Amino acid sequence: MPKDGKKAGILVGLAGVIGGILLLTRKAEAHPENIILSNLVIEPGEVYTGEPVSISATATNIGTEPATKQITCEVGSMKKMVTLNPGESKVVSFQFIPQEVRIYQVSVDGLSGSFSAIAAPVLPSIKLIGFHYVWRAQSTWSLTDRMIHGQDITHIGVVLRNDEVADVPSVSLKFRIIDGGGRELSPALDQYLRAMSQPFTLAPGSRGIFYSFTPAHEHYRAEAEIWAAGQLVDSRAIEFDVTYD
């Protein structure tokens, strides 16, 4: 065959392949009206500004041919393409982070809903300074070495610091001790053997809060969370070993 004939044959073949691809593409892109949306879900319904909101809807191809459709979420002007086979369904998801305090109206291809964004609370300036233990019920030592001698240890706890100029009410401390076997202990809360209730009012400055603790010869993990008015303010954790050698 002459060279020109070969070139012509190759060009015709390529044209056929490209035409087939374009035909399949057009077929998949056709019939967007056959894709319908249902089950709009907006979670959560109320968030603080700066927190994400999940928006989703179920797309279903009710036609007899593959179809592609662009799904538009009006809030945030977000768009996604979805291609479905006949009878196929798929959840299409978006994420939006509100920056203003207001009610946001959500529309996803005709489905509508709303959510509210409220102002984030201003947390008090309270810090967990560190973990401490008490020796012979009289001397307080910082738990920084990750290794302590267990003899005569009577308490373990944390030191909090309130950097505000006034008392902070409704403060509570969540404290856990987990031993080397993964068992959570339940030490009694006290302040050097003096009863203390929760929640409590934290005055400006530093304050230690301690739990009765008689350690065994093993590994421990201590976890602490400080809460104020129902909001997590600070948290810390430490792992340490107790020896009697």
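Non-local amide H neighbours of LEU143 (under 5 Å, H modeled in plane, Pro and chain starts lacking H): which ones?
Amide H neighbours of LEU143, under 5 Å, 5+ apart: PHE131, HIS132, TYR133.
For the peptides 178-186, 39-47, what is the packing order when you average, over each peptide's residues, the other Cβ atoms within 10 Å and list the highest mean first?
39-47, 178-186
Quick one: Karplus J couplings for segment 48-60, per residue in order, coefficients 6.51, -1.76, 1.60, θ = phi - 60°, nearest Hz, x for Gly and Pro?
7, 4, x, 9, x, 10, 9, 10, 9, 8, 9, 9, 9
Residue by residue through segment 209-216, what is 3J(HN,Hα) from phi via Karplus (6.51 cos²θ - 1.76 cosθ + 1.60, θ = phi - 60°)? Round to whole Hz and write x for glycine and proline.
10, 10, 10, 4, 7, 10, x, 8
Each residue of segment 132-142 in order: what ³J(HN,Hα) in whole Hz does its phi give by Karplus 6.51 cos²θ - 1.76 cosθ + 1.60, θ = phi - 60°, with x for Gly and Pro?
With coefficients 6.51, -1.76 and 1.60, one gets 9, 10, 10, 9, 6, 6, 9, 10, 9, 10, 6 Hz.
If amide hydrogens are placed 1.01 Å from N in the peptide plane, which non-local residues have theirs closer than 5 Å to the one on ILE71?
Correct list: LYS80, MET81, VAL82.
If Lys and Arg each add +1 and Asp and Glu each add -1, what is the summed charge of the other residues whose beta carbon sits under 12 Å from the beta carbon of GLY113?
Computed value for this residue: -2.
Scan around GLY63 for amide H atoms under 5 Å from its own, H built in the peptide plane at 1.01 Å from N, and keep only partners 5 or more places away or cross-chain.
Residues meeting the amide H criterion: GLY87.
The numbers here are math on the coordinates, done by the rules we state, and not lab data. Computed from a predicted structure; not experimentally measured. Reconstructed Cβ throughout: ideal geometry from the backbone, glycine too, with neighbour counts over all protein chains shown.
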